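The values are calculated or read from the model by the stated rules, or taken from the named source; none is laboratory data. Just so we're clear, the structure is a prediction, and the values are computed from it rather than from any experiment. In this analysis, Cβ positions are derived from the backbone assuming ideal geometry, glycine residues included, and neighbour counts consider all displayed protein chains. The area values use the complete protein model at the heavy-atom level, side chains included, leaving out ligands, DNA and RNA. Shrake-Rupley method; radii C 1.70, N 1.55, O 1.52, S 1.80 Å.
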Amino acid sequence: MSASSRGQSSSTASRSKTSPAPSASASASRAKPSDKLNPKTIDPFAETQRSSSAFAAIYSKGGIPCRLVHGSVKHKLQWERPPEMIPFDPLLITLAEGLKETRHPYTFVSQEGFKELLMVPGAAEKAMPILPKLAAGLKGALVHADGGVFERGLNGLVQLSAVVGPALNIHLKNLLTSLSKRLMDRKHKDGVTTALQKLEQYGGKVNVCAILFHNVSEGMKYCISNGGSKFTCIVQKVHTPPVQGIEGV
């Protein structure tokens, strides 16, 4: 090899080593404006995602009879057949369990599907036999560390209560204890308070306060001392004692 050729090779190698790599800011500057409007979406059919969760696996195999339709302003679900013709078991249970998902499109499909199924005629009769399984699914979302998951679980709890009414009361002991910790979080305090009011409205004579206290007498005593409201005590109490049982509910 001639001296001139070796010189050119050396010069080329030197330039390649000193050329700066594209910076993160440069990559970010090429982001599309639409990225801010739509959440990051994973491919539910990708091989690496199939075993990420039970809900994701069911969704990827077509086990959820609806698909997500992206709109310019808001998304919606398009059902393969009328929702009122779909059995709640196991679909509504699957959607309740899917409320603890943290990625799109699973987050939207689970919460919107859960809400829309509960809006069909005869939803109460269809949901009654599977209440224990629905309560277990909601519990998974209510105890989740992610705030968005908790909010979806809280909304689902209120939606279910509005449909089945007092039939849900027997399951509230295991569900409402998850709410007491969130009452100390300023971000969730108002939402939890509103939810407790609605649960009491839909549940009839259920004493929400007593559920979070040792017993009815202790709960009502604290409620009366705080203005007589059954849920005021929950909001104002900093620490809730562990539940021993429900008396008089």
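Between Val143 and Ser72, how high is the FRET efficiency from 1/(1 + (r/R0)^6) when r is the Cβ-Cβ distance and R₀ = 30 Å? Nearest 0.05.
0.25
Report P(r) for segment 129-186: all Cα-Cα distances, bin width 5 Å, range 0 to the bin holding the largest distance, values in whole percent.
Answer for segment 129-186: a P(r) of 4, 20, 34, 25, 12, 5, 1, 0 percent.
Filter Lys76/Lys133; Lys76/Lys115; Lys133/Lys187 down to the pairs with a C-alpha to C-alpha distance above 22 Å, please.
Pairs exceeding 22 Å: Lys76/Lys133; Lys133/Lys187.
Give, in nm to one decimal, the length gained when the segment between Lys181 and Thr102 is fully stretched (0.36 nm per residue of separation minus the Cα-Cα distance).
In short, 26.4 nm is gained.
Using a 1.4 Å probe over the heavy atoms of the protein chains, calculate the carbon and sulfur portion of the accessible area of segment 53-106 as a whole percent.
So the carbon and sulfur contribution to the accessible surface is 54 percent.
Given a 1.4 Å probe and every protein chain left where it sits, what share in percent of the accessible area of segment 121-201 is carbon and sulfur?
Answer for segment 121-201: carbon and sulfur cover 53 percent of the accessible area.
Run the numbers for Lys173 and Lys61: contour at 0.36 nm per residue of separation, minus the present Cα-Cα distance, in nm.
Value of the extension gain: 36.8 nm.
In nm, to one decimal, how far is the modelled label at Ala124 from the one at Asp190, with both set 7 Å along Cα→Cβ?
Each label point lies 7 Å from its Cα, and together they span 3.2 nm.
Kindly sort Ile170, Ile93 by accessible area of their heavy atoms, largest first, with the probe set to 1.4 Å.
From most accessible down to least: Ile170, Ile93.
How much of Asp185 can a 1.4 Å solvent probe reach, expressed as accessible area in Å² and rounded to 10?
60 Å²
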